[in-house]
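The values are calculated or read from the model by the stated rules, or taken from the named source; none is laboratory data. These numbers were taken from a predicted model, which means no experiment stands behind them. Here Cβ is always computed from backbone atoms with ideal geometry, including for glycine, and neighbour counts include all displayed protein chains.
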Amino acid sequence: MARSEMIVADRWIRLRADECVDVAGRTISPYYVLEPSEWISVLAVNLDGDAIIVEEYRHGAGIVALGTIGGGVEPGEDPRDAAVRELREETGYEAQEIVDLGATWANFGNHTNRVHHFLARGCTRVAEQSLDGGEIITVHLLPAEGLGDRLEQSFHQLTWYKALQQLQS
């Protein structure tokens, strides 16, 4: 069995250094692998058909960007429950219906987690945002059509695309 050493393990992320042996038998070492929690991405749509989009600072890229509602799935939490929770926390909205759009790998080259995509239909505002201490999130209502070009994160675009297919069917 190949070697693996945990480099960082805290509440946010786990990073390990593996001795990777690829399909050709070559050894790549260290090969760094991130073990974040599962993620959710939600395209929420209100009763008028507008998309409920969040805008926030993304430190990795150093930009303020529009995106779908999202976050990490807590240990033991079902991804659908995480989608409902994140929708309410980030926007103050609740949905009449949550549609599971499937899951994809976040980045299967060096991440172990998946992104669970959801469409939240019939959303109405029921509360104020309930943000974590480090979050500053602005909520926007935008037309769903053509929104994909304004989303800068690839899995946000994929959530939009999958949701748009459901909305148009």
Exercise for the section: Test Thr124 against the criterion of being in the same structural domain as Asp50 (by TED's automatic domain parsing), polar (S, T, N, Q), outside any loop (DSSP other than H, G, I, E, B) and touching a helix residue (DSSP H, G or I) at 6+ places or on another chain (Cβ under 8 Å), and give yes or no. Expected result: no
Problem - Residue list for the range 150-169, filter: polar (S, T, N, Q), touching a residue at least 60 places away in the same chain (Cβ under 8 Å) and more than 15 Å from Leu66 (Cα to Cα) - result: Gln166
Practice task
Having 3 or more residues that are on the phi > 0 side of the Ramachandran plot and surrounded by 14 or more Cβ atoms within 10 Å (Cβ to Cβ) is the bar; report the strands (runs of 3 or more DSSP E) wholly within the range 46-108 that clear it.
Solution key: none
Practice task
Out of the residues in the range 125-140 that are surrounded by 12 or more Cβ atoms within 10 Å (Cβ to Cβ) and within 19 Å of the chain's Cα centre (by Cα), state the one that is farthest from Val45 (Cα to Cα).
Solution key: Glu135
Completion exercise
How many residues of the range 127-140 are in contact with a Lys or Arg (Cβ under 8 Å, 6 or more places away or on another chain) and part of a strand (DSSP E or B)? The answer is 0
Handout entry: Failed item, numbered, when Asp22 is tested on (1) modelled with pLDDT of 95 or more; (2) loosely packed, with under 13 Cβ neighbours inside 10 Å; (3) more than 30 Å from Lys162 (Cβ to Cβ)
Key = (1)
Practice task
For Gln153, indicate whether it is polar (S, T, N, Q) and touching a Gly at 6+ places or on another chain (Cβ under 8 Å).
Solution key: yes
Exercise for the section: Determine whether Leu43 is at pLDDT 95 or above, within 27 Å of Ala144 (Cα to Cα) and part of a strand (DSSP E or B). Expected result: yes
Problem - Qualifying residues in the range 141-159 (those that are assigned to a helix (DSSP H, G or I) and exposed (fewer than 13 other Cβ atoms within 10 Å of the Cβ)) - the one farthest from the chain's Cα centre (by Cα) - result: Asp149
